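Remarks on the structure that follows.
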Amino acid sequence: MSAEPAKRQKREEYKKSLAADESALPKKKFYRQRAHANPFSDHALEYPKTPADMDWVSLYPAYAAKTATEKENDTEFNESRAGDGKEQTKARGITKDVEIADIGCGFGGLLFALATKFPDTLSLGMEIRISVTEYVQEKIRALRAQNAENKTYQNIGCLRANTMKFLPNFFRKHQLRAIFLCFPDPHFKQRKHKARIVSTMLCSEYAYVLRPGGYVYTITDVRDLHEWMVGHFSGHGSFVGVEGRELEEGEVGQCVATMSTETEEGKKVERNKGEKFVAVFRRVEDPAWPGEG
């Protein structure tokens, strides 16, 4: 008899026990999932038709924007929210934009570090694997409960998404100031290269959602993938490579150091004494259209 049903039953029982204690941190062993996911499969995903349709309040409730009526009567609003939900109005959006996207966030090591590194910035983890996404969401819930007084970790969220297909559905043009691509699936076989998270088309999508002056941060332990990503971003007219002191100073240096040490894959590479290949690319200003200026 297969052990899979018993394993699934244990996982469901564990999740029920976890739900009873909001501050209990989830255990990774109950959320393990195979590393590879086919981005071309028809996954059962929910995504907004346009960025304007995205319900950010469910991810960042502490930043929920109030309507004019709610601002006039906070007491009435709070009482209605405490009821059975019938008087609540539809989510209205949040007071800040998400500015950092961790694409393929895995178990969220970088995301949790970003919460404290940039406490005034909203960061979003995006992960295609169901169980891994659930782990990050449960950990965010627990950390928020543990830090209810100082409201730490209210500025991060995680959702399940296939960014190769739907990235522009979530973000407006030039909304983001940073994108992280940390230890993406290398897809070693040549016939699988089309599934890599960096391609000419995807570079254009990253350029669309990233504001001029923003950065794409990449890191991998696979030299071939590193050269692939460098080649595609360097060959794209919207990006230039970052070199020298700029990689070590200010926010860029802080982000490079954080993604090199805080991700689960990065820690694994460190334990195995492997190499890490880092590359950063800055989004340049779009050229003027003919006849402008």
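Observations, loosely collected:
- Whichever residue in the range 33-80 is under 30 Å from ARG11 (Cβ atoms) and aromatic (Phe, Trp, Tyr) and, among such residues, is modelled with the lowest pLDDT: PHE40
- Number of the condition not met by ALA148 [criteria: (1) more than 30 Å from HIS193 (Cα to Cα); (2) in contact with a strand residue (DSSP E or B) (Cβ under 6 Å, 6 or more places away or on another chain)]: (2)
- Single condition ARG177 does not satisfy, out of (1) touching a strand residue (DSSP E or B) at 6+ places or on another chain (Cβ under 8 Å); (2) of a type in the set (Lys, Arg); (3) under 30 Å from ALA24 (Cα atoms): (3)
- Test: residue in the range 227-240 that is among the small types (Gly, Ala, Ser), buried (at least 18 other Cβ atoms within 10 Å of the Cβ) and over 26 Å from LEU25 (Cα atoms): yes
- Unmet criterion (only one of (1) aromatic (Phe, Trp, Tyr); (2) crowded, with 20+ Cβ neighbours inside 10 Å; (3) in a helix (DSSP H, G or I)) for TYR217: (3)
- Per-region count, the range 184-243, residues among the aromatic types (Phe, Trp, Tyr) and out of contact with any strand residue (DSSP E or B) (no Cβ under 7 Å at 6 or more places or on another chain): 3
- Here PHE281 passes the criteria (1) buried (at least 16 other Cβ atoms within 10 Å of the Cβ); (2) free of Cβ contacts under 8 Å to residues at least 40 places away in the same chain except the one numbered (2).
Table: residues versus (1) over 17 Å from the mean Cα position of the chain (by Cα); (2) more than 21 Å from LEU111 (Cβ to Cβ); (3) not charged (D, E, K, R).
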residue: ARG177; (1), (2), (3): no, no, no
residue: PHE180; (1), (2), (3): no, no, yes
residue: THR200; (1), (2), (3): yes, yes, yes
residue: PHE239; (1), (2), (3): yes, yes, yes
residue: GLU246; (1), (2), (3): yes, yes, no
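- Within the range 240-259, the set of residues being in contact with a Leu (Cβ under 9 Å, 6 or more places away or on another chain) and closer than 16 Å to VAL230 by Cα comprises just one member, VAL256.
- Set HIS193, HIS174, HIS187: member being in a loop (DSSP other than H, G, I, E, B) and surrounded by fewer than 18 Cβ atoms within 10 Å (Cβ to Cβ): HIS174
- Candidates MET164, MET126, MET201: the one that is at pLDDT below 95, within 28 Å of VAL242 (Cα to Cα) and outside any loop (DSSP other than H, G, I, E, B) is MET164.
- Of all residues assigned to the range 257-268, at least one qualifies as being part of a helix (DSSP H, G or I), buried (at least 18 other Cβ atoms within 10 Å of the Cβ) and in contact with an Asp or Glu (Cβ under 8 Å, 6 or more places away or on another chain).
- Residues of the range 140-159 satisfying the condition of being touching a residue at least 60 places away in the same chain (Cβ under 8 Å) and buried (at least 21 other Cβ atoms within 10 Å of the Cβ): ASN155, GLY157, CYS158
- Residues being under 18 Å from GLY253 (Cβ atoms), out of contact with any helix residue (DSSP H, G or I) (no Cβ under 6 Å at 6 or more places or on another chain) and surrounded by fewer than 24 Cβ atoms within 10 Å (Cβ to Cβ) - total across the range 101-116: 1
- Extreme residue, farthest from ILE128 (Cα to Cα), among residues of the range 196-214 that are among the small types (Gly, Ala, Ser) and surrounded by 14 or more Cβ atoms within 10 Å (Cβ to Cβ): GLY214
- Taking (1) surrounded by 21 or more Cβ atoms within 10 Å (Cβ to Cβ); (2) of a type outside the set (A, V, I, L, M); (3) assigned to a helix (DSSP H, G or I) in turn, GLN137 satisfies each apart from (1).
The values are calculated or read from the model by the stated rules, or taken from the named source; none is laboratory data. Predicted model only: the values in this text are computed from it and were never measured. Using ideal geometry, Cβ is built from the backbone for each residue, glycine included, and neighbour counts are taken over all protein chains shown.
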